[in-house]
Amino acid sequence: MGERPTRATPGHHPSAAAAGRTGTSRIALVDVNSFYVSCERVFDPRLAGVPVVVLSNNDGCVVARSNEAKALGIPLGEPWFKIAAQAPGWGMIQRSSNYELYGDLSARAMELMGRFAAWQEVYSIDESFLGLTGSPRALQEQGTAIRTAMALHTGLPVCVGIAPTKTLAKFANRVAKQNPAMGGVCNLDLMPDAHIDHIMSRVPVTGIWGIAGRLGKRLNAIGVFTIADLRAADPVLMRRKFSVLMQRTILELRGIPCIELETERADKRQMIFSRSFSTPVTTLEGMQQVMSLYAQSAAIRLSRANQLAKSLTVFAGTSPFHHTASSFPSVALRLAAPTADPVLLTRAAVGALDGQLVEGVPYARAGVMLTDLSPAGYQPQFDTFVSVHERRNIGALLGQVTDRYGATSIGLGRAGISAPSDWTMSRRYSSPRYTTEWDELAIVRAG
């Protein structure tokens, strides 16, 4: 098979496999299969081979599914109450979200993945880009070694996609997941060009990284239906019609790296603390307690991130499934100066919804959003605008106390509750926090 140029030229679109085939540096996308479900299965092997769904906060909706649950046609976002009655008949097992377990296993998985790479970009809780070097055959063996190590040391199943660019690595990972015969590793350098072209011509354009539903419809309207169609499109013309991001995606599909490594992925533009309630909040006093707790938690996060917020938004809402009540108040405030002061933020959040709520209406969720964030110390502030609590670093102190003694150990004003309120999150089907709580460790009995 002849080599193709690595740089795109008019009328010639080099395939992923050939682009840079003579090079030795490649990008691997390592992704844990059905991450939440896989975490649950690590400590409960009875869940293997049966339909499993993981539910959102307050056991509201399906947020993760095993392959067996997908085969039953359970969609993501399906309200649990709609399928709860049928679940036993399907042999389906439900679990509440156990974020302590998922976060800890994610940290272990990412640390282990990083041992195999020259560089690493943690992309999300369950996937990571790795920089690998070697011949195509050696890279294939590295991918297999990563899968073996992940299964041995974390118990988590992963798939590995290897390619010249991030976009193609995501595509290769998808191919590996949907073709069990590949053993969980897809290295595009080892795949014939015609084979890659065939797959790309069959996968909808929304199957590629960065192309979501609405954007996919716009592409369909101009005759771009598959990944192959997008790869063949004129990148300059598509940049004019859409954006530079679209141009980069097209070039990446042709094997030309355009998306840089990001060592830090946190979205620093906003910070949201939002939850749904296990029991609706119907009074202003109850909602003030909610806002106090959420503003305090948001201030702790700000302090940990060494950031300040200039704007605050509070919001609440009734359930979309409630037949009679419908109320969605939202208030945005511009703060006098950038701050991470938990006292100021709590006062602002509590006061913001005065006059906005309807007493007696069952609010099902609420939240606090901080925006216009900036690094602390980025701009000098006059002492007049620095609160006394900020100078004393009260936000960091609150975080240290709650980390050591629990979330209800300390609080400001109405947030100083000693026992969980009725509205706090319900996790009726939660598994133990096997790796983060001493009294919930897994017990092994020898016969």
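Run down Ser303, Ser311 and say which single residue is among the polar types (S, T, N, Q), farther than 25 Å from Glu121 by Cβ and touching a Gly at 6+ places or on another chain (Cβ under 8 Å). Ser303 is the lone residue from the list that is among the polar types (S, T, N, Q), farther than 25 Å from Glu121 by Cβ and touching a Gly at 6+ places or on another chain (Cβ under 8 Å).
For segment 48-74, a residue qualifies if it is open to solvent by less than 40 Å² (accessible area, probe 1.4 Å), among the small types (Gly, Ala, Ser) and more than 22 Å from Pro320 (Cβ to Cβ), and the qualifying residues are Ser66, Ala69. Scanning segment 312-345 for residues that are in contact (Cβ under 8 Å) with a residue 60 or more places away in the chain and open to solvent by less than 20 Å² (accessible area, probe 1.4 Å) yields a count of 1. Of the residues making up segment 85-95, at least one is among the polar types (S, T, N, Q), crowded, with 16+ Cβ neighbours inside 10 Å and over 30 Å from Thr144 (Cα atoms).
Counting residues that are at pLDDT below 85 and in contact with a helix residue (DSSP H, G or I) (Cβ under 7 Å, 6 or more places away or on another chain), which helices (runs of 4 or more DSSP H) fully inside segment 223-341 reach at least 3? First the steps, then the outcome.
Values: elements: 227-232, 235-241, 244-253, 284-304.
The helices (runs of 4 or more DSSP H) meeting that bar are 284-304.
Pairs meeting the criteria (first residue in segment 127-152 and open to solvent by 30 Å² or more (accessible area, probe 1.4 Å), second residue of a type in the set (Asp, Glu) and part of a helix (DSSP H, G or I), beta carbons under 7 Å, at least 6 apart or on different chains) are Pro136/Asp189. Mind checking which residues of segment 193-211 are over 13 Å from Ala172 (Cα atoms) and either among the small types (Gly, Ala, Ser) or open to solvent by 60 Å² or more (accessible area, probe 1.4 Å) (or both)? Answer for segment 193-211, where residues must be over 13 Å from Ala172 (Cα atoms) and either among the small types (Gly, Ala, Ser) or open to solvent by 60 Å² or more (accessible area, probe 1.4 Å) (or both): Ala194, His198, Ser201, Arg202, Pro204, Thr206, Gly210.
Before we move on, is Thr167 within 26 Å of Ser128 (Cβ to Cβ), open to solvent by less than 60 Å² (accessible area, probe 1.4 Å), part of a helix (DSSP H, G or I) and touching a helix residue (DSSP H, G or I) at 6+ places or on another chain (Cβ under 6 Å)? Yes; evaluated as a whole, the condition is true for this residue.
For segment 64-83, indicate whether the set of residues that are under 19 Å from the mean Cα position of the chain (by Cα) and closer than 19 Å to Thr435 by Cβ is non-empty. Please lay out each step first, then the result.
Looking only at segment 64-83, we keep the residues that are under 19 Å from the mean Cα position of the chain (by Cα), and these are 64-66, 75-78.
Still in the running and closer than 19 Å to Thr435 by Cβ: 64.
The answer is yes, given that some residue of segment 64-83 is under 19 Å from the mean Cα position of the chain (by Cα) and closer than 19 Å to Thr435 by Cβ.
Which numbered condition in (1) open to solvent by 60 Å² or more (accessible area, probe 1.4 Å); (2) assigned to a helix (DSSP H, G or I) is the only one that Phe116 fails? Result: Phe116 fails condition (2) only. The condition of being over 20 Å from Ser430 (Cα atoms), of a type in the set (A, V, I, L, M) and at pLDDT 90 or above holds for only one of Leu132, Leu156, Leu76, that being Leu132.
The values are calculated or read from the model by the stated rules, or taken from the named source; none is laboratory data. Keep in mind the model is a prediction, meaning the values are calculated, not measured. Heads up, the Cβs are rebuilt from the backbone with ideal geometry, glycines too, and the neighbour counts pull from every protein chain shown. The accessibility values were calculated without ligands, DNA or RNA, using every heavy atom of the protein model including side chains. Shrake-Rupley method; radii C 1.70, N 1.55, O 1.52, S 1.80 Å.
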